[in-house]
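**Q** My questions all concern the structure below.
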Amino acid sequence: MASLPLNIVVVGAGIAGLAAATTLRLNGHSVRVVEKSKLTNEVGAAITLPVNIYGLFEKLGIKLEEHGANTEDFRSFYTLKGDLIQESDFRAYGGAANLIHRVDLHEALKNAALSQGVELTLGSPVQATNPDAGSITLSTGETITADVILGADGVHSTIRKSILPSGPFPAPFVTSMIRMLIPASKLADNPETTRFLDPPGKMTIFISTDGRRIVAYPCRNNTVINAGGLFPRSMAPKENEEVDLSALMGEIFHDYDSSARALVAAAEEPKIWTLYDLPALPSWSAGRAALLGDAAHPLLPFAAQGGAQALEDAATLGVVLGKGVGRDDVEERLKLYFEIRSERAAWVQEFARSAELGKPSVDPKVFFQEVHQHDAGAFAEEKVKEFLERK
């Protein structure tokens with residue numbers, strides 16, 4: 001007798017949650033996404049989408065170029081004084097990655113989910129979770145029971161606390177970041193900042209040896225420059241302290257090349273971003289509940305894999321909870337999902353962490369070659385096949 005489709009609830013309508021919801025809906029499951037915000041004022045900077053997750057977007061029917069993404073065709077490293085260290089040309093490989101505004105990516109994923117019949121419930125924070133029963137209780141008082149509860153609710157995940165009530169818990173990292181979005185037209189008017197626009201598709205990185213650096217790259221078809229200033233957390237303002245971030249950036253990068261300082265000065269609404277780190281978790285599931293994305297493995301930005309690893313989770317869940325998987329299979333399938341994904345996610349986490357601390361856990365060239373060659377969907381299919389052969 002064929003199994004009935006699963007009833008799945010995803011908590012969190014971010015990149016991980018929406019991608020997983022659509023992937024699972026394509027398997028014929030009933031999927032509802034519950035989101036605490038009303039998604040009326042989505043914000044965010046740009047995101048790098050490397051080649052290891054292109055296959056998932058193809059499965060979801062999303063063409064990134066139709067949503068303002070542009071390829072990273074060039075990458076240049078400079079000293080803080082503006083001397084060229086290294087330059088790479090990726091055009092022969094179709095670009096090193098896609099660069100896209102988070103808001104545009106989120107909109108594409110949301111539309112894909114809705115077009116497949118995913119139910120989206122907004123303005124509904126989760127107040128309680130019972131992993132064994134497969135239930136959540138919303139702030140409205142509504143209790144939802146499902147075959148699967150997926151926690152895609154970010155680094156401060158409510159679902160994670162129900163799975164691992166004793167921790168570990170996320171903590172601020174030693175590096176902080178201020179993020180900026182700057183219209184390319186504004187930079188084009190200043191001879192000091194045209195270097196960030198020419199050639200199009202160029203990522204520019206200024207680095208120093210004391211934990212400070214500036215990274216800038218285009219998005220929205222090269223019409224907007226996304227920039228980030230990274231610096232030791234000891235230089236960051238205290239929580240809730242009112243600070244002129246533009247002035248703070250000027251102070252932090254006062255000795256950088258004039259073009260880098262002009263870029264920082266052009267930012268209109270810089271925003272500080274606290275970076276959180278979390279040790280590799282001993283488990284991502286309990287009962288009928290499981291974690292994905294930042295709820296499972298928040299990633300520091302130094303490997304440019306945060307979004308990609310969340311999307312690999314979604315691709316893996318789409319295989320592990322495939323067509324024909326029934327309610328009685330859920331708990332062992334969620335454990336299998338952890339077995340498939342946890343080692344790789346922890347490996348990427350450790351590289352990002354150690355690279356920022358100046359002691360990369362693996363040679364960066366080896367890391368990026370290996371991380372980009374991975375196909376999460378195909379890997380999961382092989383592991384599920386092995387799992388079924390063992391039964």
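Any read-out appearing in this document is the output of simple, stated calculations on the displayed coordinates, not a laboratory observation. Note that this is a predicted model, so its numbers are computed, not measured. Neighbour counts run over all protein chains shown; Cβ positions are idealised from the backbone, glycine included.
**Q** Modelled label-to-label distance, L39 and S166, 7 Å Cα→beta-carbon offset: nm?
**A** Inter-label distance under the simple model: 3.8 nm.
**Q** Roughly speaking, what is the centre-to-centre gap between the range 161-232 and the range 27-92 when only Cα atoms are used, to the nearest Å?
**A** Rounded to whole Å, the Cα centres lie 13 Å apart.
**Q** If each residue's Cβ is checked for other Cβ atoms within 10 Å, how do V224, V348 rank with the fewest at the top?
**A** On the way: V224 20, V348 23.
Lowest to highest Cβ neighbour count: V224, V348.
**Q** Quick one: length gained pulling N190 to E65 fully straight, 0.36 nm per residue minus the C-alpha distance? Could the numbers behind the result be given before it?
**A** On the way: separation 125, 0.36 × 125 = 45.00 nm, distance 2.82 nm.
Extra length available between N190 and E65 comes to 42.2 nm.
**Q** Would you mind telling me the antiparallel percentage of the DSSP bridges in the chain, rounded to 5?
**A** Restricted to the chain, the bridges split so that about 70 percent are antiparallel.
**Q** Mind checking the full-extension length gain between V174 and A346? Use 0.36 nm per residue of separation minus the Cα-Cα distance, one decimal, nm. Walk me through the numbers before you get to the answer.
**A** Values: separation 172, 0.36 × 172 = 61.92 nm, distance 1.89 nm.
Using 0.36 nm per residue and subtracting the Cα-Cα distance, I get 60.0 nm.
**Q** Let me check against my output: what whole-number percent is the relative contact order of the range 271-331, with C-alpha pairs under 8 Å and at least 6 apart? Don't jump to the answer; show the numbers that get you there.
**A** Working: 36 pairs, mean separation 18.6, N = 61.
Answer for the range 271-331 is 31 percent.
**Q** Continuing with the same structure: Between S208 and T140, what is the FRET efficiency for a Förster distance of 41 Å, r being their Cβ-Cβ separation, to the nearest 0.05? Walk me through the numbers on the way to the answer.
**A** Values: r = 50 Å, r/R0 = 1.23.
That gives a FRET efficiency of 0.25.
**Q** Right, another one. Along the charge dipole of the range 1-157, Cβ charges K/R +1 and D/E -1, which of L114, N7, G154 sits furthest on the positive end?
**A** The one lying farthest along the dipole's positive direction is N7.
**Q** Just checking my list (1) 40; (2) 37; (3) 66 against percent of Cα pairs over 30 Å apart computed from this structure; which label fits?
**A** (1)
**Q** Quick one: compute the contact order of the range 254-391, relative version, from alpha carbon pairs under 8 angstrom and 6+ residues apart, as a percent.
**A** Numbers: 106 pairs, mean separation 34.0, N = 138.
Reported as a whole number, the value is 25 percent.
**Q** Any of K186/K359; K38/K161; K110/K365; K59/K335; K38/K186 with alpha carbons more than 28 Å apart? Name them for me. List each step's numbers first, then the result.
**A** Values: K186/K359 38 Å; K38/K161 23 Å; K110/K365 34 Å; K59/K335 24 Å; K38/K186 32 Å.
Over 28 Å apart, Cα to Cα: K186/K359; K110/K365; K38/K186.
**Q** What relative contact order, as a whole-number percentage, does the chain give when Cα pairs under 8 Å and 6 or more residues apart are counted?
**A** Relative contact order, the chain: 22 percent.
**Q** Work out, step by step, the length gained on full extension between S115 and E389: first 0.36 nm times the residue separation, then minus their alpha carbon distance; give nm to one decimal. Display every interim value, and only then the final one.
**A** Working: separation 274, 0.36 × 274 = 98.64 nm, distance 3.57 nm.
Net length gain for the segment: 95.1 nm.
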